[in-house]
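Colleague: Structure in structure tokens, see below.
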Amino acid sequence: MSKAFDKPNHYALFVKLMDRTVPLAVMNVLVYWYSMCSAVVRLNNTFSSVVQLQCGIRHCGVLSPVSFAVYVTDLILAISSSGHGCYFNNMFV
């Protein structure tokens, strides 16, 4: 789970959202939104060329907590059903 917001693959997130029957209009907006993600590196006053990002969830985005929760739900379910993990007040955490 190290650097968890930086790792999720956009296409894997889209598949998980489609499995949850997210409406096509919402999917189209998300695909467009994530396809516009890019980054540059600045060293002193010099900028690198633009790089398209294929993974990562925007840290400050309104939908970031929901996107992250959708992405990790399968992992959480697998851990909780394995019998391993930690319970607090009869709730898996």
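Colleague: Return the residues of segment 47-66 that are farther than 17 Å from Phe14 by Cβ, at pLDDT below 80 and assigned to a loop (DSSP other than H, G, I, E, B); say none if nothing qualifies.
Modeller: His59, Cys60, Val62
Colleague: Looking at Val22, Val40 in this structure, which one is modelled with pLDDT of 85 or more, of a type outside the set (Phe, Trp, Tyr) and surrounded by 10 or more Cβ atoms within 10 Å (Cβ to Cβ)? Give the derivation first.
Modeller: Working: Val40 fails: surrounded by 10 or more Cβ atoms within 10 Å (Cβ to Cβ).
None of the other options fit; the residue is Val22.
Colleague: Yes or no: segment 75-91 includes at least one residue that is under 12 Å from the mean Cα position of the chain (by Cα), surrounded by 10 or more Cβ atoms within 10 Å (Cβ to Cβ) and modelled with pLDDT of 80 or more. Full working, then the answer.
Modeller: Just the residues of segment 75-91 that are under 12 Å from the mean Cα position of the chain (by Cα), to begin with: none.
So far as segment 75-91 goes, no, none of its residues is under 12 Å from the mean Cα position of the chain (by Cα), surrounded by 10 or more Cβ atoms within 10 Å (Cβ to Cβ) and modelled with pLDDT of 80 or more.
Colleague: Right, next: Going through segment 67-93 one residue at a time, which ones are part of a helix (DSSP H, G or I), without any contact (Cβ under 8 Å) to a residue 60 or more places away in the chain and β-branched (Val, Ile, Thr)?
Modeller: Val70, Thr73, Ile76, Ile79
The values are calculated or read from the model by the stated rules, or taken from the named source; none is laboratory data. All figures in this text were calculated on a predicted structure; none of them were measured in a lab. Heads up, the Cβs are rebuilt from the backbone with ideal geometry, glycines too, and the neighbour counts pull from every protein chain shown.
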